[in-house]
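Enquirer: Please find one structure pasted underneath; my questions will follow.
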Amino acid sequence: MRLVSVLALFGAACGQPAASTDAGAADASVFDASFDASFDASFDASFDAMTERDGGMTPEGGVDAGSSLDGGDPWSGTACSVSGVSGVCLDVSACDGVSTPGFCPGPSNIRCCTPRTDGGVPPDGSTSCDPEARPQPNVGLVEAAGVGGCPAGMVRVSTFCVDRYEASLAEVRPDGSLVPWSPYFHPGDTRVRALSLRNAVPQGYVDGRTAARACAEAGKRLCTNTEWLRACQGPDATTYPYGNTRETGRCNDARAMHPAVEYFGTSADWIWSELDHPCINQLPMSLATTGAYADCETFEGLLDMMGNLHEWTADPDGTFRGGFYVDTVRNGPGCLYRTTAHDMGHFDYSTGFRCCAD
C-alpha cells in the first residue's frame, strides 16, 4: 500500500490555497491542512464514538512470554483486545491480521494483532468484503445516446460536451473488445477506456494521469477547470448544481462516519495509509451508483457533480473538484469545492473523474 498523508483523512479533501482564475472559485474556502479542532459535529460524534470504543481500552491480562507467540522481546505474546476482538501483541511484521497501535506495552512496532475473517472483515464486523475479490457490478451496462450532437453518454453544455455520469472504466483487450474493470481497483498500466454509464459504480482509486488516458482512449479529454465549473454551476453560476441554497440529501455528500474509520474499526493513525483499500468503497451507504441521487442534477442534466467522488480536471498541477460522499464543505461549498494538495499521480478511494469533449 502506498503511504498516503494523514491529510487524506477527508479523502484527500485537504487542498492548499492556490491562486486561481476559475469562475466563481475565488471565494472557495480551503481546508486548513493542520487537521484542526474545528471538526464538524458529525465527525466529532463518529470519532468520539471510536475513542470510547477503542481508545479507552487497555491491554487485558497477560501471558507468559515464553509460552506466547514470542517475537524475541518481552512484550510479544501479551493478550490484548480491540473493539471487543481478542488478539495478541506482536511486532507489526509478524501480524497476519489487523495490527492496531495503542493497545500494547513496549515500542510503537508492538501492536495488537487481531484476526480477520472472510478474507478481510475488520474487527467491528462492518462488512463481509473480500479484498482479494474483484467485483464487476457494471457488467451489461451500455452508454446512452449523446444529447445535443455529443458522443454517447455525453450532454451538450454551452459549446462543449460533458459526460452525464461519473466515469466507469472498461479494459481494452488486444483485439479491441471491452470488458468491465472493477471500480474498486487502480488500473495501473492496464489499457482502459472511460465510459459514462447510468446505474454504474463509478471508478474510484484513479489518479489524474490514468483518468486523462482513459478519456483519450474514448476520444475525449479531462475537463478544464473552467469547463468543469460551468458544467456544475449551470448558466447562472449557482453555488450548487441545483441552486444557491444547500439542500440536505439531494446529493451523496455527508456520510456520518468516515468509511476508513468504519471499515478498520479504529481511528488510529495507521489507517490513513490504507486509503487505497478496495473494501472502503464497498461499505453500505458509501459510494452510490451513478444517477442514484436523481435530484443532484445540474441545469443541463449532469448527475453527481457534487459529492459521490472527487473529479479530476485537466490542471497539470493536480486539481480535483466537487467533493465526495463524506464532505462537500471543507474545500469550498458544492461546485466551488476544489482540492489542490496532490499531484496528478495521487489516488485513493475518493478520487474519480468524468470526461469532456469538443
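Values in this text are rule-based calculations from the coordinates and carry no lab data. In this text, all values refer to a predicted model and were calculated from it rather than measured experimentally. Note that each Cβ is placed from the backbone with ideal geometry, even for glycine, and that neighbours are counted across all protein chains shown.
Enquirer: Using 0.36 nm times the number of residues separating ASN199 and ASP295, minus their current alpha carbon distance, what extension gain do you get? If you can, show how the numbers build up before the last one.
Expert: Details: separation 96, 0.36 × 96 = 34.56 nm, distance 1.45 nm.
Computed gain between ASN199 and ASP295 is 33.1 nm.
Enquirer: Given H placed on each backbone N at 1.01 Å, which residues far from CYS80 in sequence or on other chains put an amide H within less than 5 Å of it?
Expert: Those lying under 5 Å, H to H, from CYS80 are GLU60, GLY87, VAL88, CYS89.
Enquirer: Calculate one ³J(HN,Hα) per residue across the range 310-318 by plugging θ = phi - 60° into the Karplus curve 6.51 cos²θ - 1.76 cosθ + 1.60, and present them in order as whole Hz with x for glycine and proline.
Expert: Each residue of the range 310-318 in turn: 4, 10, 5, 10, 7, 4, x, 7, x Hz.
Enquirer: Another question about this same structure. Quickly work out the ALA144-to-ASP358 label distance, labels modelled 7 Å from Cα along the C-beta direction, and quote it in nm with one decimal.
Expert: 2.8
Enquirer: Give me the net charge of THR190's neighbourhood, meaning all other residues with Cβ under 14 Å from the Cβ of THR190; Lys, Arg count +1, Asp, Glu -1. Numbers along the way, then the final one.
Expert: On the way: positive: ARG134, ARG173, ARG191, ARG193, ARG209, ARG213; negative: GLU171, ASP189, ASP207, GLU217.
With Lys, Arg at +1 and Asp, Glu at -1, the net is +2.
Enquirer: About the Cα centre of the range 264-357, what is the dipole size in debye to 20, counting +1 per Lys and Arg Cβ and -1 per Asp and Glu Cβ, all else neutral? Could the numbers behind the result be given before it?
Expert: Values: 4 positive and 13 negative charges, 24 e Å.
Rounded to the nearest 20 debye, it is 120 debye.
Enquirer: Skipping prolines and chain starts, which residues have an amide H placed within reach, meaning under 5 Å, of the one on TRP312, given they are 5 or more residues away or on another chain?
Expert: Sorted by chain and number, the residues that satisfy this are ARG321, GLY352, PHE353, ARG354.
Enquirer: As an exercise, find the ratio Rg/Rh for the range 212-358 from alpha-carbon atoms, using the Kirkwood inverse-distance average for Rh.
Expert: Details: Rg = 15.1 Å, Rh = 15.7 Å.
With Rg and the Kirkwood Rh in hand, the quotient comes to 0.96.
Enquirer: Let me ask something additional. Please compute the length gained on full extension between ASN109 and VAL92, using 0.36 nm multiplied by the number of residues separating them and subtracting their Cα-Cα distance. Present the calculation step by step, with values, prior to reporting the outcome.
Expert: On the way: separation 17, 0.36 × 17 = 6.12 nm, distance 0.57 nm.
Fully extending the segment from ASN109 to VAL92 adds 5.5 nm.
Enquirer: Same structure again: Roughly what would the spin-label model give for ASN244 and ALA216, points 7 Å off Cα along C-beta, in nm?
Expert: According to this spin-label approximation, the distance is 4.1 nm.
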